[in-house]
Amino acid sequence: MDTLQRLHQLLDERGWTEYRLAKNCGLSNSTIANIYHRNTIPSISTLEAICTSFGISLSQFFAEGEMVELTPELKELFDNWVNLTPQQKDAVLQTMRAMNHDQT
């Protein structure tokens, strides 16, 4: 998804107009209009202001699909995962699948 598509999606989800976005994030109407009508790619600072007005982070803006919170347990899992061999990773996945299958 490109930046303009994501902006459209966020505006649609909230029922906002371009004018309301500009007002909420403290940017000029012309800045927002340039993004929409001239396909101008916003600067990082502009995008940060837009994200702040939407109440999201930059990472949430660019995330594809649902965001998952990285809890301490998940961080530990990922930190340990990267040090496993491919065979060990396969064994862990098989074990997890078996455990999930047993719960259903």
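The values are calculated or read from the model by the stated rules, or taken from the named source; none is laboratory data. In this text, all values refer to a predicted model and were calculated from it rather than measured experimentally. No Cβ is skipped: glycine too gets one built from the backbone with ideal geometry, and neighbour counts run over all protein chains shown.
Summed over segment 8-50, the residues that are assigned to a loop (DSSP other than H, G, I, E, B) and closer than 17 Å to Gln60 by Cβ give a count of 2.
One line per residue, one yes/no per condition, for (1) in a loop (DSSP other than H, G, I, E, B); (2) within 16 Å of Leu4 (Cα to Cα); (3) among the polar types (S, T, N, Q):
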position	(1), (2), (3)
Thr52	no, no, yes
Glu64	yes, yes, no
Leu77	no, no, no
Asn80	no, no, yes
Gln87	no, no, yes
Met96	no, no, no
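Taking the conditions exactly as written (out of contact with any Asp or Glu (no Cβ under 9 Å at 6 or more places or on another chain), of a type outside the set (S, T, N, Q) and modelled with pLDDT of 85 or more), does Leu77 satisfy them or not? Here the answer is yes, as Leu77 does meet what is asked.
Against the numbered list (1) within 18 Å of Leu4 (Cβ to Cβ); (2) touching a Ser or Thr at 6+ places or on another chain (Cβ under 9 Å), Gly26 comes up short only at (1).
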